[in-house]
Amino acid sequence: MSRTSQTTRTMVFIALYAAMTIVLNFVKDLIPFTSVWANGGSINISLIPLVFASIHLGCRYGIITCLLELLVSVIIGTTKLYFAPYNPVLGILCDYIIPVAIMGLSSMFMKKGGDEKRNIIALEVGIFLCTAIRIISQIVSGVYCWSDAGELGSVAAWIFSLKYNLGYGLPTLIMLMLVMPLIYKIFRNRIEK
């Protein structure tokens with residue numbers, strides 16, 4: 001395959017995975033138990049195509065896919081930006097950019113053409129680390145950007161932010177760790193060509 005057709009193919013897959021994520025954002029809002037948290041917290045099934053992009057295209061293009069999806073979803077309104085009242089720049093970074101972009105690194109320990117069992121373990125480790133960083137980023141935002149001005153950085157802010165973000169972050173982590181190995185097994189032969 002020529003370099004031009006390979007580049008075109010990669011761009012098409014990036015667009016496809018970004019579009020699938022946006023569609024799943026709409027679907028997620030229709031599933032009652034995924035969006036019980038206020039102000040954007042949800043069990044995020046729309047991360048599935050972003051993790052798959054990382055597996056299929058590699059980490060570099062996985063991150064590009066994640067950032068493209070974030071940009072497009074903000075433009076078309078599927079992701080509603082909430083500007084933190086205290087330190088909005090840190091809020092945008094910790095609530096949106098880091099949590100989305102980090103999922104592009106989910107396949108960082110996998111090897112193309114490697115042993116299936118080893119790659120599944122590597123994928124699960126990558127998903128765990130990336131989701132942990134995602135949750136930590138959102139917790140930091142809650143503590144330093146969303147608490148009342150007098151409570152910024154306080155123990156009460158940490159407790160509330162931990163409860164809120166772990167409440168949907170852990171179910172998202174569990175969902176990804178159960179679903180992504182199955183998807184990888186199903187599509188392994190196709191994506192490793």
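Where a number appears in this text, it was derived from the coordinates with a stated rule and is not lab data. Nothing here was measured: the structure is a model prediction, and the numbers come from that model. We place every Cβ from the backbone using ideal geometry, glycine too, and count neighbours over all the protein chains shown.
For the chain, the longest principal axis of the Cα atoms and the long axis of helix 59-76 meet at an angle of about 50 degrees. Under the criterion of Cα pairs below 8 Å and six or more residues apart, the relative contact order for the range 3-191 equals 22 percent.
Could you line up PHE187, PHE160, PHE83 from fewest to most neighbouring Cβ atoms inside 10 Å?
Going from sparsest to densest Cβ surroundings: PHE83, PHE187, PHE160.
The slack between ILE174 and ARG60, meaning 0.36 nm per residue of separation minus the straight C-alpha distance, is 38.6 nm. For ASN44, nonlocal amide neighbours, meaning residues 5 or more places apart or on other chains whose placed amide H falls under 5 Å from its own, are THR172.
Stretched out straight at 0.36 nm per residue, the stretch from ILE133 to LEU81 would grow longer than its current Cα-Cα span by 16.7 nm. Sequence-distant contacts, meaning Cα pairs under 8 Å at least 6 residues apart, place the relative contact order of the range 63-148 at 37 percent. Here the Karplus relation 6.51 cos²θ - 1.76 cosθ + 1.60, evaluated at θ = phi - 60°, turns the backbone of the range 134-143 into coupling constants of 4, 5, 4, 4, 5, 5, 4, 4, x, 6 Hz, with x for every Gly and Pro.
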